[in-house]
Amino acid sequence: MNYRIEHDLIGKKEVPEDAYYGIHTLRAFENFQISGQCIHKELIIALAMVKKAAAIANMRVGSLSEKIGNAIVKACDEIISGKFHNQFIVDALQGGAGTSTNMNINEVISNRAIELLGGKKGDYSIVHPLEHVNMSQSTNDVFPTAVRIAAIKLLKPLSESFADLQTALQIKEEEFSDTIKMGRTELQDAVPVMLGQEFGAYAQAIARDRWRIYKVEERLRQVNIGGTAVGTGLNADKTYVFLAIEILRDITGLGLARAEYMMDPTQNNDVFVEVSGMLKAAAVNLIKISNDIRLMSSGPKCGLMEITIPEVQAGSSIMPGKVNPVIPEAVKQAAYQVIACDGAITMGAQAGEFELNFTLPLIAHNLFMEIDLLYNVTRLFINKCIKGIKADKNRLSRMVENSFTYAVALSPYIGYEKASEIAMIAKDEGRTIREIAIEKGLFTKEELDIIFNQYEMTKPGIPGKKKLEDG
């Protein structure tokens with residue numbers, strides 16, 4: 001391999017000749033062998049958008065020549081289109097508040113711009129990573145701005161995916177609207193519900209998640225580009241400060257706004273805690289729904305077996321014929337990871353001191369992981385589980401008939417104490433509430449058929465009261 005020699009304030013170093021990154025990136029790569037994961041591709045694109053906006057703004061105020069500025073813009077456009085992403089080699093977790101990543105993008109843009117102007121990579125007399133690409137900027141306004149842009153871009157499809165999950169659950173709500181089943185509280189028999197009602201409740205929870213994710217974009221729109229090191233705008237032309245955000249808004253197509261108090265988003269990261277908290281709430285709902293589906297589909301012979309879910313793979317290396325609920329289990333594990341990421345974001349956000357929070361790379365990495373995980377598992381949940389759920393209507397109805405829930409329906413007629421007594425007799429003797437009530441001469445079979453209307457028991461009111469009074 002051939003090398004070129006580059007230098008920084010620490011000294012000289014060999015850099016691969018064909019690399020678009022430079023010495024700062026290489027040192028960071030060697031220093032931060034931590035997660036084994038590089039920064040998210042959407043963050044790469046967002047960084048290039050910020051650099052493009054800065055170059056255009058600097059050209060317009062006369063701080064940057066059009067020759068160099070246009071080369072920088074073209075290099076940024078190539079990165080935005082997906083080129084050179086393999087040149088972003090710095091670990092997602094890094095010291096320095098994102099400086100290593102900012103230098104990575106500066107060097108890649110610089111060396112590509114040098115090429116476009118006919119020079120050789122590493123000849124920074126043509127286009128310098130700091131003097132030209134990073135002009136009027138600091139890591140401390142570039143990186144937070146790019147993180148917000150990337151998060152907004154990722155949240156849009158996530159909101160749409162939750163909308164799709166809501167729709168899938170509502171389809172099941174309609175499909176199972178006439179399917180009676182035993183409701184449970186604390187895993188014990190309660191009163192009858194419609195299976196469709198359960199899925200309707202799931203859909204309502206997911207609807208709230210969808211709306212929260214959709215609206216949370218508003219929290220991320222205020223950016224601090226132009227604030228430079230600590231939010232005061234030192235070394236940035238006043239006109240540039242206002243131009244940069246306008247240009248960035250056009251480039252991204254997002255409703256970005258310059259923060260009213262630039263020092264705020266430079267040092268405070270509570271907005272990411274808020275966003276993450278809403279993602280955590282979505283994860284909690286996914287866990288609850290997955291839990292219920294696993295329990296309802298338990299079996300096939302010795303469990304509840306109220307529903308069946310699609311069989312997607314063999315379940316055991318020792319038990320022939322066993323099929324496990326692997327999709328709900330995968331959803332739960334991803335959701336647990338989201339909750340863990342939220343904890344890391346919370347710890348990171350409170351760790352800032354004075355004018356900067358050095359943990360923004362940690363916050364960004366975990367935030368993007370949350371969004372990606374939730375998007376992936378909602379697609380999985382919809383396509384490989386929810387859509388294929390089927391119900392055993394006959395079994396569900398029999399379970400209601402053989403339960404002690406009918407004692408609840410008798411309670412308005414004979415009182416709680418008497419209904420409890422009948423329930424205990426039925427339990428001790430292994431008989432039904434219906435049998436005991438008839439045997440004791442409390443009701444006729446015809447009256448109980450009216451009172452024990454399973455469908456009426458899923459609605460407000462006293463089952464059978466009006467019909468008995470009328471007839």
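The values are calculated or read from the model by the stated rules, or taken from the named source; none is laboratory data. These numbers were taken from a predicted model, which means no experiment stands behind them. Heads up, the Cβs are rebuilt from the backbone with ideal geometry, glycines too, and the neighbour counts pull from every protein chain shown. Just the protein is used for accessible areas: all its heavy atoms, side chains included, with ligands, DNA and RNA removed. Shrake-Rupley method; radii C 1.70, N 1.55, O 1.52, S 1.80 Å.
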TODO: Taking every pair of alpha-carbon atoms in segment 186-272, give the share separated by more than 20 Å as a whole percent.
DONE: 56
Task: Size of charge dipole - segment 195-293 - debye, nearest 20, with Cβ of Lys, Arg +1 and Asp, Glu -1, no other charges - done: 120
Task: Karplus-derived 3J(HN,Hα), 6.51/-1.76/1.60, for each residue of segment 150-162, Hz, glycine and proline x - done: 4, 4, 4, 4, 6, 6, 4, x, 5, 4, 5, 5, 5
Open item on the list: Quick one: 3J(HN,Hα) in Hz for segment 29-39, Karplus 6.51/-1.76/1.60 with θ = phi - 60°, rounded, Gly and Pro as x.
Closed with: 4, 6, 6, 10, 8, 10, 8, x, 10, 8, 5
- [ ] Using just the helices of the chain, give the 222 nm mean residue ellipticity in deg cm²/dmol: DSSP H runs with n ≥ 4 each add -39,500 (n - 2.57), and the total is spread over all residues, rounded to 500.
- [x] -19000 deg cm²/dmol
Task: For the chain: relative contact order, % (alpha-carbon pairs under 8 angstrom, 6 or more apart) - done: 15
TODO: Using only Cα atoms, tell me the angle between helix 416-429 and the longest principal axis of the chain; keep it within 0 to 90° and round to the nearest 10.
DONE: 90
Task: With all protein chains modelled, accessible area of Asp470 [1.4 Å, Å²] - done: 110
Task: Across Lys52/Lys238; Lys51/Lys83; Lys12/Lys120; Lys181/Lys322; Lys13/Lys121; Lys74/Lys121, pairs whose alpha-carbon gap is larger than 20 Å - done: Lys181/Lys322
- [ ] Give me the percent of the accessible area of segment 1-157 that comes from carbon and sulfur atoms, probe 1.4 Å, all protein chains in place.
- [x] 49
Task: GluC sites (Glu not before Pro) restricted to segment 139-208 and DSSP loop, no more than 10 other C-beta within 10 Å - done: Glu186
Open item on the list: To test your reading of the geometry: what angle, between 0 and 90 degrees and rounded to tens, separates the Cα axis of helix 360-384 from the longest principal axis of the chain?
Closed with: 40
TODO: Run the numbers on segment 132-198 and let me know its relative contact order in percent, using alpha-carbon pairs under 8 Å that are six or more apart.
DONE: 22
Task: Signed unit charges on C-beta, dipole axis of the chain, positive-most listed residue Ala150, Gln33, Gly69 - done: Gly69
Open item on the list: With angles folded into 0 to 90 degrees, how steeply does helix 326-349 sit against the dominant principal axis of the chain? Use alpha carbons for both and round to 10.
Closed with: 50
- [ ] State, as an integer percentage, the relative contact order of segment 315-431 based on alpha-carbon contacts under 8 Å between residues 6 or more apart.
- [x] 21
Open item on the list: Let me cross-check His7: its accessible surface, 1.4 Å probe, with only protein heavy atoms counted, in Å² to the nearest 10?
Closed with: 130
